[in-house]
Each structure stands twice: as C-alpha cells, then as structure tokens.
Amino acid sequence: MIESWLECIRCNKKYDLEEVRYNCTCGGTLDMRRDLSAVDGRELKQLWEDRWGTKRGIYASGVWRYKELIFDCDESCIVTRQEGNTRLYEAGKAGEYAGLKNFLLKHEGENPTGSFKDRGMTCGVSAAKFYNADSVACASTGNTSASMSSYAAIAGMRSVIFIPEGKIAYGKLAQALAFGGKTLQIAGNFDDAMELVQEVCRELNIYLVNSINPFRIEGQKAIGFEVVQQLDWKVPDWFVIPGGNLGNNSALSKGMQELYELGIIDRIPRIAVIQAAGSAPLSRMWKEGSKFEPVKDPETIATAIKIGNPVSWEKSLRGIKWSNGIVEDVTEQEIMDAKAMVDAAGIGAEPASCCSVAGAKKLVEAGVIKPDETVVGILTGNILKDPDAVIGYHKDELGSMGIKGNYANAPLLIEASVEAVRKALS
Ligand SMILES: *Cc1c(COP(=O)(O)O)cnc(C)c1O
Ligand SMILES: [Zn+2]
C-alpha cells in the first residue's frame, strides 16, 4: 500500500489519515497526499490497463480501477455502484456550434445516480465506513444529495440532507427522497446550508461528505484518469469543465498533476473552468486580479452551480495554475443555447453541464482555444435531472429569467387527422 496522509494546502501541516478532519487548524482545506517516489508509473498504468473491462467486483468500477491513486484502503471498506465507465462522445452538432473540429464530451451524467458526484461519493462513503460512521450528511444543490442518499442506502447508513429553500431541480429532489435521505429544507441559499451542515456534523458527530471532504476529491480525479485511458494515455489540449463549489476542477487538475509526476502522461492539459455569470466569484477574481470575494445572492438557471461562496476556491486556483488554465463565465442565454445544441446532438445534459460547451465556444471565439485543438468537455449531469428547464426553454417560457428559446422545438397541438399531420410536417 502507498503511504498517504492529509495535508493542508495553505500551511502544509500534515494529519494522520486515522483522524477525521476536513479542515486544518489554520482554516485551510486538506488534500490527500501520498508518497509516489516508490511507485513505478509504467507498472501502475499496466495494472490499470489489465483491469479495464473487469466484469465484477471493485475493479469493475471506473473509480476503483485506479484505487492506488484514489484511496488505498482495505477492500472491506469500499461502497461501490460500479460508478464511472462513462462514455466519451464525439460532440457532433455541439462541436460545430462551439467551432471545434476535435471536441469530445465526457458524459458524467451516465453515472449510477446521473451525475459525476457518484465518483466522489463512492470514495466519501467508503471513508465514512473506514471511520465507522453510521450517518453521513451534506449540503446540496441536488446532485450531491441524490448520490449520497443512494450510497448511504447501500452501506446501511443514515443520510441527512440540507437543501436550500426554493428551487431545487425536481429530478434530484425525487432521488433524495426515494433513496431515503432525511431531507431538511432550510431557509437560505446553498452557502447558508453549507455553513450549517459543517456545524451540525461537528456537533452531532455525523460524517460530512461535501466536496470539502478530501476523499470526495480523490474519487473525482478518476474522471480525468478515465478520459486519458480512453484516449490511450494521450492527453487532450484542453479540459473544459463547469465550476460551482469548485471541487471537480480541483480534482481534475490534482489527478493530472499526479499522472504527470508518475510519467504516465507527458504534459498537463490546460483546464478551463466555466462559471455561470450570476454565480461567478472565481471568474471575477481571475479577471479583475482581485482578492477572493463571495457572491452574495448567486443566481442562475444552472442550479447545480448556483453557489456564491465555493469551499474549494483555493484548490481550484492552484490547479488552474498547475495546468496553465483559465476561468471564464457565460450568460444564462449562452448556457441554455449551448444546452439546446448538446441535446439536439442526441447527447443531452442538465443546464450546468452545458457551461462546458458554452464556455468552449466563447474561448474559441476569443482565440484562446484554437479550432483544431483537442478539447474534452465534461458533461456533469443527466438531462432528466431538470426537466422544467428543458420544457421551459422549448416552450419559450423562460422570459422571466431573461432566456429566449432561440433553438426551441415546441410541441404542436393539432387535430387528429391525416390532413392536419401533413400540414404540421410540411
Ligand atoms: C456539482 C455539480 C457541478 C459543480 O461541480 P463543483 O465541483 O461544485 O464545481 C456542476 N454540474 C453538475 C451537474 C453538478 O452536479
Ligand atoms: Zn493549515
């Protein structure tokens, strides 16, 4: 087993893995670190190749395939739904729309509960088991709670969910309730829920599985590992990924950094983090060169990234520097038009996911991404998570949010006659 520990990203203080911790005494977030000096990158890559296509057991998971760089725990701790193993699609229409010749979409909405959160959650709930926890909790804009309640049910743990009042996408709420998560809707937004859940977990001795949890981040690294393996260990020029709480892009860059350190890849791809303009604290900081400042009342139809005070902004920024990356933001209209293209390409994804395509298009137009570069966009969640957004757009009923159905495919109401059908089809 590879020796590993937790380490503060601000002051580098180290903590033993046996101790349950989410933050350093200095307030910094923690990273899982491991001693890679004795690891042979070539052997590790071969081991992962040998596991590809495994039919049963933990190595059939697209996360635990990379166990050595995820969480090298005893197998008895692992709680898995064979997550990952998601497809990497040619972007088709969405590629033309973005102005890219080599645009691939990694569909994380194909995970067991319909979002990439499952990759982090298999690791987070396995850590809960490792620590002998009987309850897990999270604050969530929806997908984290859907995922957590599923994995907790499998592990036989109680799950407690804190969601913001008002709009949470219906598909996600439905999953949380169905999987038996104790769902507490609180007065306030996601950022308020996040603050409360941290306090509750401390006071009531519940294990916290938000992306502040370092194990979550480790699991999510597997998105990048799997893309690179699908590309036969060649890296794309760019990854384009939505940013909300900023855990996922932190994971992606950390994973790439580790593969590079092991000589498994020969360069680190550039990472573009895309935020929704109404919830874009990192983008604002990046563009203005200012200090980090939370956004007070975040707004966006892309509810999965409607977050004003992201917990992982420092990790995110570190990764963007490692990867010579960039931060951009896109408007509501840009998100929904890009989504219409992803959907019309036959692929489909929830609104937040489509920041990847909207952002790629904007960066191509700005000359930052070259049209012939190889770009992988991460589609973070499934199209069925938020049917209201889809129907609203296609019926052109999102005017109150300032969104027009530019590429709407509205249903037609017709008489039941061949003549009426002929007319409708002409
Ligand atoms: C959680 C989530 C995001 C944002 O990921 P972060 O790690 O919070 O930046 C984006 N899209 C979807 C669908 C999500 O569920
Ligand atoms: Zn510290």
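Quick notes on this structure:
- Matching helices (runs of 4 or more DSSP H) fully within the stretch 307-385 where at least 3 residues are free of Cβ contacts under 8 Å to residues at least 60 places away in the same chain: 332-344
- The set of residues in the stretch 19-34 that are within 13 Å of ligand 2 (Cβ to nearest atom) and either in contact (Cβ under 8 Å) with a residue 40 or more places away in the chain or surrounded by fewer than 13 Cβ atoms within 10 Å (Cβ to Cβ) (or both) comprises Y22, N23, T25, C26, G27, G28, T29, L30, D31.
- Count of residues meeting criterion [closer than 17 Å to V357 by Cα and touching a helix residue (DSSP H, G or I) at 6+ places or on another chain (Cβ under 7 Å)] in the stretch 269-300: 7
- Scan the stretch 72-94 for residues that are free of Cβ contacts under 8 Å to residues at least 60 places away in the same chain and over 15 Å from G62 (Cα atoms) and the total you get is 6.
Listed here are the residues, each with its yes/no results for (1) within 16 Å of ligand 2 (Cβ to nearest atom); (2) under 27 Å from T380 (Cα atoms).
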| position | (1), (2) |
| --- | --- |
| M1 | no, no |
| K13 | yes, no |
| L17 | no, no |
| L36 | no, no |
| W48 | no, yes |
| K55 | no, yes |
| W64 | no, yes |
| N85 | no, yes |
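- Those residues of the stretch 360-391 which are in contact with a Gly (Cβ under 8 Å, 6 or more places away or on another chain) and farther than 18 Å from E90 by Cβ, in sequence order: E365, T380, G381, N382, L384, K385, D386, P387
- Scanning the stretch 393-421 for residues that are free of Cβ contacts under 8 Å to residues at least 12 places away in the same chain and either outside any loop (DSSP other than H, G, I, E, B) or among the hydroxyl-bearing types (S, T, Y) (or both) returns G399, S400, S417, V418, E419, A420, V421.
- Residue count, the stretch 202-238 (criterion: within 16 Å of ligand 1 (Cβ to nearest atom) and closer than 16 Å to A128 by Cβ): 12
- Criterion applied to A304, A272 was being touching a residue at least 60 places away in the same chain (Cβ under 8 Å), part of a strand (DSSP E or B) and under 20 Å from I378 (Cα atoms), and the one residue passing it is A272.
- Of the helices (runs of 4 or more DSSP H) lying entirely inside the stretch 38-146, those containing at least 1 residues that are in contact with a helix residue (DSSP H, G or I) (Cβ under 8 Å, 6 or more places away or on another chain) and buried (at least 24 other Cβ atoms within 10 Å of the Cβ) span 93-98, 117-130.
- In the stretch 335-345 there is no residue that is more than 16 Å from ligand 2 (Cβ to nearest atom), under 20 Å from the mean Cα position of the chain (by Cα), within 13 Å of V273 (Cβ to Cβ) and among the hydrophobic types (A, V, I, L, M, F, W, C).
- Pick from the stretch 209-232, criterion in a loop (DSSP other than H, G, I, E, B) and aliphatic (A, V, I, L, M), ranking: surrounded by the most Cβ atoms within 10 Å (Cβ to Cβ): V209
- Checking each residue in the stretch 233-253 for being surrounded by fewer than 24 Cβ atoms within 10 Å (Cβ to Cβ) and either of a type in the set (D, E) or in a helix (DSSP H, G or I) (or both) picks out only D237.
- When Q229, Q275 are screened for being more than 16 Å from ligand 2 (Cβ to nearest atom), touching a Phe, Trp or Tyr at 6+ places or on another chain (Cβ under 7 Å) and not small (G, A, S), only Q229 passes.
- Any chance K13 is more than 16 Å from ligand 1 (Cβ to nearest atom) and under 17 Å from K254 (Cα atoms): no
Rule-based calculations on the coordinates, nothing more; no lab input. Remember, it's a predicted structure, so these values are computed and weren't measured experimentally. Note that each Cβ is placed from the backbone with ideal geometry, even for glycine, and that neighbours are counted across all protein chains shown.
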